[in-house]
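**Student:** Pasting a structure below so you can have a look.
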Amino acid sequence: VLIVLAGVAVRVWMPHDSPDAPPPASMTLPGSTASGLLFDPRMLAALGSGKTVISLRGVTGGIKAGKVFVLVPRLGEVEDIVMKPAFAAHSEEVAEGAAVPVRYAAVVTDNVQVCEEEIRRLDPFLAYDLESALKIFRTRKNPTFTVILRVFQLPQAAQVNKKKGWAYWVRLENEISLAGAVPVVPDGRFETLRSDILRQINSNHPFMGKV
């Protein structure tokens, strides 16, 4: 079934669809967005190069399916977090200054709460090494969610002015056009990855917040 959420076309699985198949994730971008989410530059590079399609987030950063935002590089890498060599991609160094470059947008296809066992099963899909992923899980007071992202490359980079007090979510001063953005992972490959990832997750607790 195809529905529209805030201008985003979303395919929703219904009981009469194949019971063994996960819900399809066909989504399209709206014309623009003023929402941004901060990422470790190394993770942003891995997402932007198509080396991974998932990110681990705390419940306070929970994101409902259909949420659209641009990927904003934070200043500096996350300390004590190790990237797997196979997932490493060239990350753009974000210099101190008035603006940061934005090259990618994303649509959330799934956001599901995970436990430690599920994170271990997700290891082949994670850009961070397993110990780093488990450290993220164990040191958070809030539940951890696996967010599956359909990432798109913008036709040209946009410059976003930095503001004091940036945490994780960023409300941009101006809308960024998403016209002409193209998926970094082909449709068929993305659906295969998404299906494989969801098969590793037993949780039935998708994020239901307002973000």
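Since every read-out is calculated from the coordinates, none of them should be taken as a lab result. This one's a predicted model, so the numbers in the text were calculated from it and none came from an experiment. For neighbour counting, all protein chains shown are included, and Cβ atoms are generated from backbone atoms with ideal geometry for every residue, glycine included.
**Student:** In what sequence, highest mean first, do 29-39, 142-152 appear when ranked by Cβ atoms within 10 angstrom?
**Tutor:** Per-residue Cβ counts within 10 Å, averaged per peptide and sorted highest first, yield 142-152, 29-39.
**Student:** May I pose another question? Can you compute the modelled spin-label distance between residue 192 and residue 173, with each label point 7 Å from Cα toward Cβ, in nm?
**Tutor:** 4.5 nm
**Student:** Assuming a ≥ b ≥ c are the square roots of the Cα gyration tensor eigenvalues, decide whether segment 98-178 counts as rounded (a/c under 1.5), prolate (otherwise, with a/b larger than b/c) or oblate.
**Tutor:** prolate
**Student:** Given H placed on each backbone N at 1.01 Å, which residues far from residue 126 in sequence or on other chains put an amide H within less than 5 Å of it?
**Tutor:** Sorted by chain and number, the residues that satisfy this come to none at all.
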